[in-house]
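A.B. asks: Sharing a structure here in structure tokens format.
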Amino acid sequence: MDLPHPVAPSRRRLLFLAHRIPYPPEKGEKIRAWHMLDHLANHWEVDLGCLVDDRADLDHLPVLRSRCAAVEWRMTGSRAQAAVRSLLQFRPGRPLSLGWFHDASLAAWVRDGVAAGRWDAALAYSSSMAPYLLEARGLRRVLDMVDVDSEKWRAYAAGGRSPMRPVWAREARTLLAFERRAAREFDRTLFVSAEEAGRFAEIAPDLADRLDHVDNGVDTARFDPAIRHPNPFAGGPPALVFTGTMDYRPNVEAVRWFAEAVMPLLAARIAAPAFHIVGANPVPSVRALADRPGVHVTGPVPDVRPYIAHAAVSVAPLRIARGIQNKVLEAMAMARPVVASPEAFEGVRAVPGRDLLVARGATETAARIADVLDGAHPALGAAGRRAMTEGHDWSATLRRLDPILSADSAPLAGHRARSAAMEPL
């Protein structure tokens with residue numbers, strides 16, 4: 001446990017709560033959390049409270065300590081342990097995901113800090129961390145919900161089967177109720193894009209004036225086409241690349257669909273492309289795709305940039321997607337042609353046909369990829385890079401965060417909307 005550094009009187013004090021340690025920023029939820037924290041540490045004395053699900057991530061604590069006044073972390077244990085914890089805290093009306101990310105000692109640390117007046121403001125990253133601050137008073141509270149997570153569970157249920165379908169339907173229903181409650185309790189609730197904030201406003205129109213958004217960004221200096229990378233494909237056929245964590249269901253469904261529905265349509269080409277699935281933790285159904293002609297599964301790689309840099313096309317054929325897809329931003333920042341589904345394109349500040357190609361269904365997706373391979377869109381990569389530097393560089397997107405968290409914006413006095421249906425969490 002780290003003791004907080006002395007706080008300079010001129011510096012405002014911020015509590016930043018994250019459901020996963022926000023470093024290293026190698027996957028979506030950590031990328032956004034890290035860049036937010038790193039930005040805020042320029043103006044605030046930041047105390048970080050976070051959960052850790054992989055002991056290897058503890059090696060990165062020195063980086064976080066270099067940016068934070070204090071780092072308070074707790075191990076969540078294995079997935080099985082988290083699942084048991086979630087079930088032990090089950091009760092009617094409570095989303096299972098809240099129990100998954102609950103730690104009693106971290107909650108006590110937050111309560112003690114709030115009671116002592118340690119912080120001027122707090123940011124809870126994801127709805128899973130909102131319960132730690134629901135009862136907090138005397139400081140400005142901002143919730144970065146990121147995505148409307150309940151919509152993801154609703155989509156799972158719509159396309160699922162028993163026995164999980166009713167479980168996912170229940171999670172969608174109970175999580176939406178909690179999301180509404182949290183948005184009512186916090187002074188401001190953020191989303192990853194204007195489109196995502198608009199979707200929540202459609203679901204909860206009474207809360208529309210409490211919502212805002214901070215777009216996801218991309219590190220255009222790191223994802224820069226001018227940086228040279230070794231070719232991981234060893235001069236093979238044109239490479240189609242998908243990047244992402246490969247135990248995440250939307251990614252799993254996307255690559256399975258692409259391998260099974262799109263790749264056969266491209267196999268008849270004289271120079272048939274190869275499909276490379278690049279990302280950690282491939283589940284068995286993903287690993288099995290490597291048995292198909294032209295499909296390669298890398299597993300974890302130390303750096304995804306060489307795979308993007310030498311891709312003929314970066315593909316993002318997601319059919320379930322919330323928010324802004326980092327894989328799309330990163331490939332466009334590296335000036336690679338991108339073919340994305342409408343779901344993966346949502347929230348991206350770019351023009352289809354000029355900056356990237358958007359395709360629906362297997363036939364159209366294969367046709368757009370074939371067009372790129374045939375040289376039909378020579379300016380696509382440069383246009384995509386330009387769209388990212390102008391619209392998605394983190395230095396620009398995070399400017400919206402500063403006034404939202406400003407200490408000059410006082411908490412909403414006495415705001416405590418409750419009903420008999422709202423049980424304490």
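A.B. asks: Quick one: order Ile21, Ile203, Ile308, Ile324 by neighbouring beta-carbon count within 10 Å, fewest to most.
C.D. replies: Final ranking by Cβ density, sparse to dense: Ile203, Ile21, Ile308, Ile324.
A.B. asks: Whose amide H sits under 5 Å from the amide H of Val358, counting only residues 5 or more places off or on another chain, with H placed in the peptide plane?
C.D. replies: For Val358, whose amide H was placed from the backbone, the distant partners under 5 Å are Ala340, Gly353.
A.B. asks: Something else: What does the C-alpha gyration tensor say about the overall shape of the chain? Classify as rounded when a/c is under 1.5, otherwise prolate if a/b is larger than b/c, or oblate.
C.D. replies: prolate
A.B. asks: Running a GNM on the chain with Cα contacts under 10 Å, which residue among Asp59, Asp187, Asp144 ends up with the highest mean-square fluctuation?
C.D. replies: Between Asp59, Asp187, Asp144, it is Asp59 that shows the largest mean-square fluctuation.
A.B. asks: Whose amide H sits under 5 Å from the amide H of Glu72, counting only residues 5 or more places off or on another chain, with H placed in the peptide plane?
C.D. replies: Those qualifying (amide H under 5 Å, at least 5 residues apart or on another chain) are Leu48, Gly49, Cys50.
A.B. asks: Most mobile of Phe345, Phe258, Phe233 per a Gaussian network model of the chain (Cα springs, under 10 Å)?
C.D. replies: Evaluated over the chain, the most mobile residue of the options is Phe233.
A.B. asks: So what J values fall out for the range 96-104 if you push phi through Karplus, 6.51 cos²θ - 1.76 cosθ + 1.60 with θ = phi - 60°, rounded to Hz, Gly and Pro as x?
C.D. replies: 3J(HN,Hα) across the range 96-104, in whole Hz: 4, 5, 5, x, 4, 10, 8, 9, 5.
A.B. asks: Going by how many other Cβ atoms sit within 10 Å of their own, how do Arg188, Arg11 line up, fewest first?
C.D. replies: Lowest to highest Cβ neighbour count: Arg11, Arg188.
A.B. asks: Could you please report the charge total around Ser314, scoring K, R as +1 and D, E as -1 over all other residues with beta-carbon less than 14 angstrom from its beta-carbon?
C.D. replies: Residues close to Ser314 contribute a combined charge of +3.
A.B. asks: Taking amide H positions as placed in the peptide plane 1.01 Å from N, state which residues far from Ile320 in sequence (5 or more) or on other chains have amide H under 5 Å from it.
C.D. replies: Counting only residues 5 or more places away or on other chains, the set is empty.
Readers should treat all values here as calculations from the given coordinates under stated rules, not as data from a laboratory. Note that this is a predicted model, so its numbers are computed, not measured. Using ideal geometry, Cβ is built from the backbone for each residue, glycine included, and neighbour counts are taken over all protein chains shown.
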